[in-house]
Structure formats: structure tokens, C-alpha cells
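Asks: Below you will find the structure I want to go over with you.
The values are calculated or read from the model by the stated rules, or taken from the named source; none is laboratory data. Computed from a predicted structure; not experimentally measured. Virtual Cβ from ideal backbone geometry, glycine too; neighbours counted across all protein chains shown. Calculation scope for accessible area: heavy atoms of the full protein, side chains included, ligands and nucleic acids excluded. Shrake-Rupley method; radii C 1.70, N 1.55, O 1.52, S 1.80 Å.
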Amino acid sequence: LGLPGNPWAAQSVFEQLGTPLLRGWQGLQSLFPAPITAAVAASVQGKRGSYRVVRGSLDLGVMPPRFHPAITRKSSVFSRVKDCFAYILLAPHVVEIAAGSQVEVMLSDFTLLASPLIKSTGFPPSD
């Protein structure tokens, strides 16, 4: 599996391609961890015709949960990868997501472990 050189891009590609492969090899029924529905805290711009991964953090202490996009470029790319444990994937037709809109948030960093950890907290509530 070839990965891009940019740390964020490599992590995103791995989570979209590598994680399902590893989950399949483990015999898990769901190839992707369950996303968490959250309200986006600030508007996010997409680029027509291209997928865009938007990194950020997820605040589970409020209802509904809030996704805070990482906007600043003041810190190093490695510290941003470390601090941004969640992401949203914008499809090619999405030009903008307004603040307050509901989005599907995926957890990153230790993706194979994140689903059981979140599930053990009782979030999201079962049907």
C-alpha cells in the first residue's frame, strides 16, 4: 500500500484504504469504524471536483457533539496530526458546509482501537 509523503495525506489514505483491509483481515463485519454524527463548529470550504479531508477535534461533552475543524497553521504538521484525532471527508460536490450543520465524523489515530473505546463509554446511544 503506497502512501503519500504528507503526514495528513498518508494518514487519511491509510484510514480510507488500509484500515478496511486490516479490519477485514481481523474478521470484523464492519470494514469502517462507525462515524459519529456531530455539528460542525465553524464553516468548512470544499473544492468542487476534489475530495477534501478536514482534520479537527471532536467534543463529546456537549449534545449534540461538536466537530471543531483545525484551521490554524501556526504549529508544525506533526503536532496538528497528533492533536487532530477526528476528521470529516468532503465529497467532490460539496462546496461549503455551514457552521451548525450535521456531519459524519470519523475518528483517526489508532482507528482500529477507537471504536471499542468509544463504544465502551456508551456513546453514541444504542437504538
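Asks: Could you please find all residues in the stretch 67-92 being modelled with pLDDT of 85 or more and within 16 Å of Gln16 (Cβ to Cβ)?
Replies: Once the filter is applied, which keeps residues that are modelled with pLDDT of 85 or more and within 16 Å of Gln16 (Cβ to Cβ), the stretch 67-92 yields Ala86, Tyr87, Ile88, Leu89, Leu90, Ala91, Pro92.
Asks: Whether any residue in the stretch 7-22 is more than 15 Å from the chain's Cα centre (by Cα) and either at pLDDT 85 or above or hydrophobic (A, V, I, L, M, F, W, C) (or both) is what I want to check.
Replies: yes
Asks: Output the number of residues of the stretch 16-59 satisfying the condition of being in a helix (DSSP H, G or I), open to solvent by 40 Å² or more (accessible area, probe 1.4 Å) and touching a residue at least 24 places away in the same chain (Cβ under 8 Å).
Replies: Residues in the stretch 16-59 being in a helix (DSSP H, G or I), open to solvent by 40 Å² or more (accessible area, probe 1.4 Å) and touching a residue at least 24 places away in the same chain (Cβ under 8 Å): 2 in total.
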